[in-house]
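The values are calculated or read from the model by the stated rules, or taken from the named source; none is laboratory data. Treat the numbers as computed from the prediction; the structure is a model and nothing was measured. All Cβ positions, even for glycine, are placed from backbone atoms using ideal geometry, and neighbour counts span all protein chains on display. Ligands, DNA and RNA are excluded from the accessible area calculation, which covers all protein heavy atoms including side chains. Shrake-Rupley method; radii C 1.70, N 1.55, O 1.52, S 1.80 Å.
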Amino acid sequence: MDITEDFLEPVSPTGQYLNSSVLSLSILSVLESETPIHNFPVLSILQDDFLPINSRFSSIMVAEKNGTQRWKKVQVNLEDHVIVPILPKGMSPEFYEEYLYDYLSKLGMDQLPENRPMWQVHLFKYPSGKAAGSIIAKFHHSLGDGYSLLGALLSCLRRLDNPSIPLSFPSLHSSNSSKHGDYNIITSILERVPQVSSWIANTVLDFGASLLKSSVIKDVESPIRSLHQGVEFQPMALTTLEFSMDDIKIIKNRLKVTINDVITGMILLGSRLYMEGEIIDSSKSNSNALVLMNTRNLGGYKSVSEMVDPKANTTIWGNRFAFLHVPLPKLSTDTLSNPVNFVYETQKIIKRKRNNAAVLLTGALLEKLRKLRGPETAAKYIHNTLRNSSITISNLIGPVEKMSVHNLPIRGLYFFVAGSPQSSQVTVLSYAGKLRLGIAVEKDYIDPCKFKSCISDAFHMISEAAAVVP
């Protein structure tokens with residue numbers, strides 16, 4: 001690889017945190033093809049469509065003499081970034097599906113070489129489940145968050161029914177959310193002047209609780225959280241679960257909440273059901289989930305062209321997310337008799353946390369730690385935030401229409417986050433009327449099939465209860 005003299009912008013603080021000696025996260029995205037991918041022209045697609053999207057895909061992270069890290073432009077040998085695993089032919093789809101999950105688990109543990117741009121594409125040319133083949137894209141998280149990288153990935157795809165029309169996404173607006181977008185602290189204050197005292201109290205309370213949970217207060221050992229050291233370096237057991245978006249929307253409309261409220265409540269209830277099935281009484285387990293929040297002040301989900309517009313890189317591209325600590329509501333007779341209370345409780349907690357400045361204060365704290373003690377200290381704080389909690393939930397919105405890449409129809413789309421020091425995590429991605437959950441749990445500690453079944457049971461419990469809500 002030849003290195004040029006083109007220095008680009010400095011690596012963002014969050015990019016440095018996510019690629020440090022104490023924390024290194026990667027995102028694994030999987031595109032399921034409806035037809036075989038034996039002759040897939042991956043090199044030409046990467047050269048013509050992928051590399052031009054963002055200069056970071058042809059850059060490496062380098063440190064200057066003063067310690068400042070920057071992205072530096074390099075010449076990319078695409079063949080170094082494409083891997084095609086070879087397996088025995090003629091095996092069953094079940095065999096290949098199990099192999100694919102194990103392959104993804106190992107891929108998540110493997111570190112990306114830092115002497116070349118930190119991404120790879122793997123072509124899994126074998127049928128698994130309902131897919132005829134799978135295209136796996138691995139990105140280091142320092143390149144960007146799920147919002148940015150999903151935009152980059154989708155910019156290489158086209159609508160299946162009409163490639164000349166851009167992909168579209170569901171609106172983030174609803175009657176239950178602020179008309180000013182996901183996150184606008186100033187507007188929130190001005191609109192709620194009579195509630196300023198409550199806003200300040202919630203900010204202090206949530207910031208203080210977050211600080212304690214990221215430093216000294218740890219979740220107890222439970223069926224969804226081991227105390228094993230170095231869990232981020234151990235294999236994860238992976239599986240996926242699919243729901244109909246129409247079914248989710250029926251629950252949303254019946255309960256007058258958001259889709260995210262339904263999804264998060266369902267996952268938290270499923271987690272509690274799993275815990276209850278593994279121990280006699282899980283009510284003594286004080287467990288917390290980390291729900292990822294996109295902190296971009298956008299009025300809705302941007303189109304693919306807007307997401308990758310170079311003029312918007314400073315406001316849209318990058319790692320712009322925050323963690324919300326959400327306690328897992330405990331099972332009770334009332335909860336079991338009316339499971340929708342899990343959704344309502346989750347909605348109340350998340351709404352309060354999204355509408356105060358605790359997230360801003362946490363960001364300011366990380367920046368202060370970086371300036372006073374260096375990025376490694378800030379990275380350690382994030383590592384502890386993850387390690388001290390029980391489960392992380394990440395949610396992304398995908399295209400409404402079915403899509404294709406080089407006339408290859410895409411059946412399904414899901415992702416995992418690798419390298420997190422946690423025993424359990426769930427990722428969520430919508431696509432073409434379906435909602436796909438990626439479930440990753442510590443291997444030989446959590447039963448992935450049982451955990452998956454508990455989330456499915458939680459969905460049916462909430463769905464049945466919502467059907468009789470007046």
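Sub-8 Å Cβ pairs linking a first residue in segment 354-368 that is surrounded by 20 or more Cβ atoms within 10 Å (Cβ to Cβ) to a second residue that is basic (Lys, Arg), at least 6 apart or interchain, are 359/353, ordered by first then second residue.
For segment 95-120, filtering for residues that are touching a strand residue (DSSP E or B) at 6+ places or on another chain (Cβ under 7 Å), of a type outside the set (Ser, Thr, Tyr) and under 21 Å from residue 436 (Cα atoms) leaves 5. Of all residues in segment 136-149, those satisfying the criterion of being part of a helix (DSSP H, G or I), at pLDDT 85 or above and either in contact with a His (Cβ under 9 Å, 6 or more places away or on another chain) or open to solvent by 10 Å² or more (accessible area, probe 1.4 Å) (or both) are 141, 149. Among the residues of segment 30-78, write down those that are touching a residue at least 24 places away in the same chain (Cβ under 8 Å), in a helix (DSSP H, G or I) and within 26 Å of residue 11 (Cα to Cα). 46, 47, 49, 50, 51, 53, 55, 56, 57, 58, 78 - these are the residues of segment 30-78 that are touching a residue at least 24 places away in the same chain (Cβ under 8 Å), in a helix (DSSP H, G or I) and within 26 Å of residue 11 (Cα to Cα).
Counting the residues of segment 443-470 that are under 18 Å from the mean Cα position of the chain (by Cα) and crowded, with 21+ Cβ neighbours inside 10 Å gives 1. Report whether or not residue 89 is basic (Lys, Arg) and part of a loop (DSSP other than H, G, I, E, B). When the stated conditions are applied, residue 89 passes them. Looking at 206, 246, just one residue is assigned to a helix (DSSP H, G or I), in contact (Cβ under 8 Å) with a residue 12 or more places away in the chain, exposed (fewer than 14 other Cβ atoms within 10 Å of the Cβ) and not hydroxyl-bearing (Ser, Thr, Tyr), and that residue is 246. Of note, residue 21 satisfies the criterion of being among the small types (Gly, Ala, Ser), in contact (Cβ under 8 Å) with a residue 60 or more places away in the chain and open to solvent by 70 Å² or more (accessible area, probe 1.4 Å). Screening residue 403 against (1) surrounded by 21 or more Cβ atoms within 10 Å (Cβ to Cβ); (2) over 30 Å from residue 50 (Cβ atoms) leaves a single unmet condition, (2). Return a yes/no flag: does segment 351-369 have any residue that is of a type in the set (A, V, I, L, M), at pLDDT 90 or above and within 23 Å of residue 222 (Cα to Cα). The answer is no, given that none of the residues of segment 351-369 is of a type in the set (A, V, I, L, M), at pLDDT 90 or above and within 23 Å of residue 222 (Cα to Cα). Looking only at residues of segment 92-121 that are in a strand (DSSP E or B) and in contact (Cβ under 8 Å) with a residue 40 or more places away in the chain, we find that the one that is nearest to the chain's Cα centre (by Cα) is 119.
In the set 60, 45, 27, 83, only one residue is open to solvent by less than 70 Å² (accessible area, probe 1.4 Å) and under 21 Å from the mean Cα position of the chain (by Cα); that residue is 27. Within segment 326-344, can one find any residue that is in a strand (DSSP E or B), touching a residue at least 60 places away in the same chain (Cβ under 8 Å) and either crowded, with 20+ Cβ neighbours inside 10 Å or touching a helix residue (DSSP H, G or I) at 6+ places or on another chain (Cβ under 9 Å) (or both)? So far as segment 326-344 goes, yes, one or more of its residues are in a strand (DSSP E or B), touching a residue at least 60 places away in the same chain (Cβ under 8 Å) and either crowded, with 20+ Cβ neighbours inside 10 Å or touching a helix residue (DSSP H, G or I) at 6+ places or on another chain (Cβ under 9 Å) (or both).
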